[in-house]
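Please treat every number below as a calculation from the coordinates, not as lab data. As the structure is a computational prediction, the values presented were derived from the model and not from experiment. Note that each Cβ is placed from the backbone with ideal geometry, even for glycine, and that neighbours are counted across all protein chains shown.
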Amino acid sequence: MRKPPPEHQPERGPRPSGRGQAGQTDSGAEGASVSWRESSRLQAGATHEAKLARWLPSDLQALAAGRERPRRSFAIGAHHGDADGEKNEGDRDDKDVGDDGNGRRAGQAEGRGRAQRPVLSLRGRALRFLSQREHSRFELARKLERFEPDTDVIAGLLDALEREGWLSSERFVESLLHRRSQGFGLRRIRQELAEHRLDGDEVEASLAALRESEFERAHALWLRRFGSAPGDLKERARQHRYLAARGFGNDVIAKVLRSDTL
């Protein structure tokens, strides 16, 4: 802003000083205080008007009526419905009992992805176990006891499965021998068959073929695990314990660890 020429500037009076001008000094201080209050009030009013400009009309109506300003939710879909962020009663009813906007019922939309599995019967559970691998009669009965407490019902079902060819002890023995023969000896395999309540001439006939290949299987296992002859008695004892824990007999182990067989 350009300063006015000197001839138009108002003349400044002498600076008040002394006791005789104390009244003028107090009056000037009071005027400055009033001017500062007025400026603060105007600034606060401008800030309040700026805040009101950001409110919605419904907020201003609530403020004019003396009600509390409604709170807003910033969740997805919170501004659907009225301008104050709340849903209409009709919207809530449509969501509860109507469709989800795509022609589907609300219950169907919520239940999507939760397919109800059919409840299997006892026979269905038994066939599911047998489809995974061969089972012995004792093992399958123990698994079915979790679903049927009556042992007579389970025994009748197992008899029917054996008659139909679904359950076979011979196939189970062959399957177990195939799975265990490469890593276990004859003694360990016989013990596992006894745990399944399988023994007698049929089992011994199946084990006769393994008895002939006992040394070859033990030697192959020893080569995979160690691959070299023991250098001292401590190492020899460690290798002996390993083969014994796998179910091989002492005579077979001694033959494997002998240097003339390497």
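Data for the structure
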{"quantity": "Point-to-point label distance, Glu212-Asp159, nm (Cα→Cβ direction, 7 Å offset)", "calculated": "3.9 nm"}
{"quantity": "For Phe138, Phe172, order by how many other beta-carbon atoms lie within 10 Å, fewest first", "calculated": "Phe138, Phe172"}
{"quantity": "Stokes-Einstein D in µm²/s, Kirkwood radius over Cα pairs - segment 121-167 at 10 °C with 1.306 mPa s viscosity", "calculated": "153 µm²/s"}
{"quantity": "Gain upon complete extension [Arg128, Ala245; 0.36 nm per residue less C-alpha separation]", "calculated": "38.7 nm"}
{"quantity": "Where labels lie 7 Å past Cα in the beta-carbon direction, separation of Gln116 and Ala237 in nm", "calculated": "6.6 nm"}
{"quantity": "Sorted by Cβ density within 10 Å, fewest first, the residues Asp152, Asp199", "calculated": "Asp152, Asp199"}
{"quantity": "Diffusion coefficient, µm² s⁻¹, Stokes-Einstein with Kirkwood Rh over alpha-carbon pairs of segment 153-262 at 25 °C and 0.890 mPa s", "calculated": "156 µm²/s"}
{"quantity": "Net lengthening on full extension, Ala194/Leu223 (0.36 nm per residue, minus Cα-Cα)", "calculated": "7.5 nm"}
{"quantity": "Charge dipole magnitude, Cβ of K and R +1, D and E -1 - segment 121-167, Cα centre, debye nearest 20", "calculated": "260 debye"}
{"quantity": "Within segment 121-262: Cβ-based charge dipole about Cα centre, in debye rounded to nearest 20 (Lys, Arg +1; Asp, Glu -1)", "calculated": "880 debye"}
{"quantity": "Interchain or long-range residues, amide H under 5 Å from Ser168's placed H", "calculated": "His135"}
